[in-house]
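The values are calculated or read from the model by the stated rules, or taken from the named source; none is laboratory data. What you see is a predicted model; the values in this text were computed from it and never measured. FYI the Cβ positions are ideal-geometry reconstructions off the backbone, even for glycines, and counts take in every protein chain you see. Heads up: the accessible areas ignore ligands, DNA and RNA and are worked out on the full protein's heavy atoms, side chains in. Shrake-Rupley method; radii C 1.70, N 1.55, O 1.52, S 1.80 Å.
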Amino acid sequence: MDDHQAQDLVKELVLRLAPAESGGGGRDAGGALRFAHRLLSSRLAPAVLPDEHAVAEAIKRRLAASGRPDDALAFADLHSKLSARSRPASLWPLLYLLDSLSSHRRGAAASSCLPNLPAAAPAAAGGKQPSRVPGTPAGGVVLISKDPDNIREIALREYTELVLDETEVSEAALVRDVLYACQGIDGRYVRYDKGSDAYDLPEGVRVPRSTRTLVRKLCEVGWLFRKVRGFISDNVSRLPSHAATEVGTVAQAFCSALQEELSDYYKLLAVLESYSLNPIPTPGSDSGVSGNYLSLRRLVVWLAEPTVRMRLMAVLVDGCRGLRGGGMAGAIHGHAQHGDPMVQDFMGRLLRRVCSPLFEMVRSWVLEGELEDVFGEFFIVGQPVKAESLWREGYLIQSDMLPSFISPVLAQRILRTGKSINFLRVCCDDNGWAEAATEAAAYVGTTTSRGGLGYGQIDALEALVVEAAKRIDQRLMDVIHKRYRFKDHCLAIKRYLLLGQGDFVQYLMDVVGPELSEPANRISPFHLAGLLETAIRASDAQYDDRDILDRIKVKMMDHGDGDVGWDVFSLEYDARVPLDTVFTASVMKMYLKIFNFLWKLKRVDHSLTGVWKTMKPNCIISSPFYKEGTGIRAQFVSVLRKCQVLFNEMNHFVTNFQYYIMFEVLEVSWARFSEEMDAAKDLDDLLMGHDKYLTSIVEKSLLGERSLGILRNLFALFDIILQFRSHADRWFERIYELQLRGKGKPKTKTKETGSWLEGGRKAMIQLAGELFLKMGEDLDSIAKDYTASLDSFISQLPLQQHVDLKFLLFRLDFTEYYSRVLSNK
């Protein structure tokens, strides 16, 4: 059907229902038609549930009650036929319209029984009487009668009869069953259905749909109660066995807080049960019935606020399953951020109970250094470690146990405060922290006893932690610097392991040099320890504290076949508790790496010094070859000149590189570390400063991971210089032997006749010429290798990340000689 056909049908219906009268019928019909269109296009809907079966049953009962059983049967037959043809559409709108028209007609018939009263309105100015409403007797007016004792009672009585006809269970019985369901108990009619996981009336129980919906809504609080009570029962039942792994103190406090809330809920149910004993009044009953009765609708009002609390507890129970300790407290705290004052008050009351064990753990840790965490609920966990690892690895933060109301910064401060107490007590054997903790608690106005802090006092907790950390860390710094002389030990390591004590290093090189030239497997560590003591006594190191000197020991590294003493010799420093917290095994390994590098650099410098002693001018001028003829003298001078030039190049490089290491690297890094050491407020600052100090030395000394390539070139340069020293020693030894032969004083005796030591002057000059020729060839080869390695080293310096290496490049190439050479290649 289209819109035009519908409009025509509506118009025809209006014209039939409102026949035109003489004079103004057209206007009345037009107004009625517009009203009908406006009514049909409106969004108004009846305030009842669209239940076709209920309306049909009501019409049949009304026809049967009015003495028209045949009409009731005919209506039932017509309704069944129309229902079969109109499916799936519903006949409820049509039946509701017919029922409403019938009720309107009965109301009109009742009003016709009222007596006609005289007209109350005067005649109009024109002498015309006001128009009457159609359908009213002539000469009268329509009155809207207020009859509360009659019409209202009749309507209520009819409604009661209707409800009673549709209900086989009394409202009092339903109220009683709902109260049972609120306690998690099945009633006579309302029972728990496992399939739908809800309390509901069985389908066989005949009640109005509105009543069934209301019962379901009321029983929600019972379903929530069942969930909360189940959570409490599960946790309580696990307490006797496996308590240490299953249920902790925070979970116990949570269950206790829930049980307390349920106690208030039980009290309310007891009051409601007493009200349910009073009968529910019905329309027309005695008005003297007590007002403290309990109906389903009154029960909705009574259970509104408990339902909100129970729903919130059920949400918390679901959110806390599988959690414990600080994680559980954080999950509960997340639901406290709510705008409802009632919810805020409820959550605050609950969290004060739940967080009480957690805050007690914090207080005990911050003021006593004790981990009272039997069930593993605290966000700080301790591990069994050695004393040297107590600070770094002994205590850690469990992020999953950190509640959201404690910030990570505050958690780190809490961790450090307790660690400081344990470090003082275990490693330093100091008890001064107790007085500092008491002073901190007194300063912030709290107490050191249990129960001093709780949820909602985060500011007070933070103030206590900050003050305790400041005082205890200050105590720790005083003990480290004054009793254990931390700075003196750092300075001793710099002087002896980093070779900052120049006279000691020189004496040590002199006394152990011959011994270290031997194969490594023939060297005795005890003999080297004696040589170390000799070097200490021969230098200014003898005036140092004996406790410091006793800590310096000789260490022989692992060696293989072909290694000599220079390759395996090293020094170590015995850092004892509590200093081994800073000087750990890994830190001392880094010091050993730096020592080996510096020891090799010192060895190279010492070797060049030995070459210079051999080549010094007075030794050359006094040589007989210098006074010989032109040929041998020129050859001798040429070789010595090459040797001197190569020595100067090597010495220039080693001197500038050694200056860079000793001053630009070691001294500058030490100066910065000294400042950070004096400014350190806690042990973490001290450790961080020392780590930066070591890292700076490693990176600037080309010992870092990013400098492996240039370090290989540097070691190649060192090897070439040592090779030059070895060749120089052999060359000048043979020259010296030739000089002795010229004087007739051979250095060694030989049993072989006809050897070059037994020849004459001519043979000596011939041998010298061959030696100088071989020296020149070896020098050219060494110079070539050295130049190639040095060029490679200098070309890689600008590519390094550290800015200080640019100063090294400037010192090595301040005349830009190497730059020009590299650019020409």
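Here TYR275 qualifies as at pLDDT below 90, outside any loop (DSSP other than H, G, I, E, B) and under 18 Å from GLN183 (Cα atoms). Number of residues in the stretch 581-602 that are open to solvent by less than 30 Å² (accessible area, probe 1.4 Å) and free of Cβ contacts under 8 Å to residues at least 12 places away in the same chain: the value is 0. Per the listing ARG495, ARG576, ARG522, ARG546, the residue uniquely within 26 Å of LEU390 (Cβ to Cβ) and open to solvent by 20 Å² or more (accessible area, probe 1.4 Å) is ARG576.
Counting residues in the stretch 445-455 that are within 30 Å of LYS602 (Cβ to Cβ), among the polar types (S, T, N, Q) and open to solvent by 20 Å² or more (accessible area, probe 1.4 Å) gives zero. Look at the stretch 241-267: where a residue is more than 19 Å from MET310 (Cβ to Cβ) and in a loop (DSSP other than H, G, I, E, B) and a partner is modelled with pLDDT under 90 and among the hydrophobic types (A, V, I, L, M, F, W, C), sitting 6+ places away or on another chain with Cβ atoms under 6 Å, you get VAL247/LEU239; GLY248/PHE375.
Scanning the stretch 396-412 finds no residues that are more than 26 Å from HIS335 (Cα to Cα), assigned to a helix (DSSP H, G or I) and under 32 Å from the mean Cα position of the chain (by Cα).
The number of residues in the stretch 295-327 that are free of Cβ contacts under 8 Å to residues at least 24 places away in the same chain, open to solvent by 80 Å² or more (accessible area, probe 1.4 Å) and part of a helix (DSSP H, G or I) comes to 2. Residues in the stretch 711-725 that are open to solvent by less than 30 Å² (accessible area, probe 1.4 Å), within 48 Å of the chain's Cα centre (by Cα) and either over 9 Å from PHE793 (Cα atoms) or of a type in the set (Lys, Arg) (or both): none.
Evaluated against (1) touching a helix residue (DSSP H, G or I) at 6+ places or on another chain (Cβ under 6 Å); (2) without any contact (Cβ under 8 Å) to a residue 60 or more places away in the chain; (3) more than 26 Å from LEU686 (Cα to Cα), ALA442 falls short on exactly one condition, (1).
Only one of the numbered conditions (1) open to solvent by 60 Å² or more (accessible area, probe 1.4 Å); (2) more than 12 Å from GLU52 (Cα to Cα) is violated by SER90, and that is (2). Taking ILE735 as the residue in question, decide whether it is at pLDDT 75 or above and in a helix (DSSP H, G or I). It is false that ILE735 is at pLDDT 75 or above and in a helix (DSSP H, G or I). Say whether the condition of being closer than 23 Å to LYS593 by Cα and in contact (Cβ under 8 Å) with a residue 40 or more places away in the chain is met by at least one residue in the stretch 464-486. There is at least one residue in the stretch 464-486 that is closer than 23 Å to LYS593 by Cα and in contact (Cβ under 8 Å) with a residue 40 or more places away in the chain.
Can you name the residue in the stretch 395-433 that is surrounded by fewer than 18 Cβ atoms within 10 Å (Cβ to Cβ) and of a type in the set (Gly, Ala, Ser) and, of all such residues, is farthest from ARG352 (Cα to Cα)? The qualifying residue farthest from ARG352 (Cα to Cα) is GLY432. Would you confirm, using the coordinates I've provided, whether PHE810 is modelled with pLDDT of 80 or more, in a helix (DSSP H, G or I) and open to solvent by 60 Å² or more (accessible area, probe 1.4 Å)? The answer is yes for PHE810. Residue count for the stretch 193-215, restricted to those that are buried (at least 16 other Cβ atoms within 10 Å of the Cβ) and under 43 Å from the mean Cα position of the chain (by Cα): 1. Mind listing whichever residues of the stretch 363-386 are under 22 Å from GLN412 (Cβ atoms), in a loop (DSSP other than H, G, I, E, B) and of a type outside the set (A, V, I, L, M)? Selection gives GLY369, GLU370, GLU372, ASP373, GLY376, GLU377, PHE378, PHE379, GLN383. Among the residues in the stretch 183-190, are any of a type in the set (Asp, Glu) and assigned to a loop (DSSP other than H, G, I, E, B)? Within the stretch 183-190, one or more residues are of a type in the set (Asp, Glu) and assigned to a loop (DSSP other than H, G, I, E, B).
Just wondering, is there one or more residues in the stretch 666-683 that are outside any helix (DSSP H, G or I), under 23 Å from TYR591 (Cβ atoms), under 50 Å from the mean Cα position of the chain (by Cα) and modelled with pLDDT under 95? Yes; the residues of the stretch 666-683 include at least one that is outside any helix (DSSP H, G or I), under 23 Å from TYR591 (Cβ atoms), under 50 Å from the mean Cα position of the chain (by Cα) and modelled with pLDDT under 95. Being farther than 23 Å from GLN252 by Cβ and assigned to a loop (DSSP other than H, G, I, E, B) is the filter; apply it to the stretch 331-362 and report the residue that is most open to solvent (accessible area, probe 1.4 Å). It comes out as GLN337. Scanning the stretch 549-573 for residues that are basic (Lys, Arg) and part of a strand (DSSP E or B) returns LYS553, LYS555.
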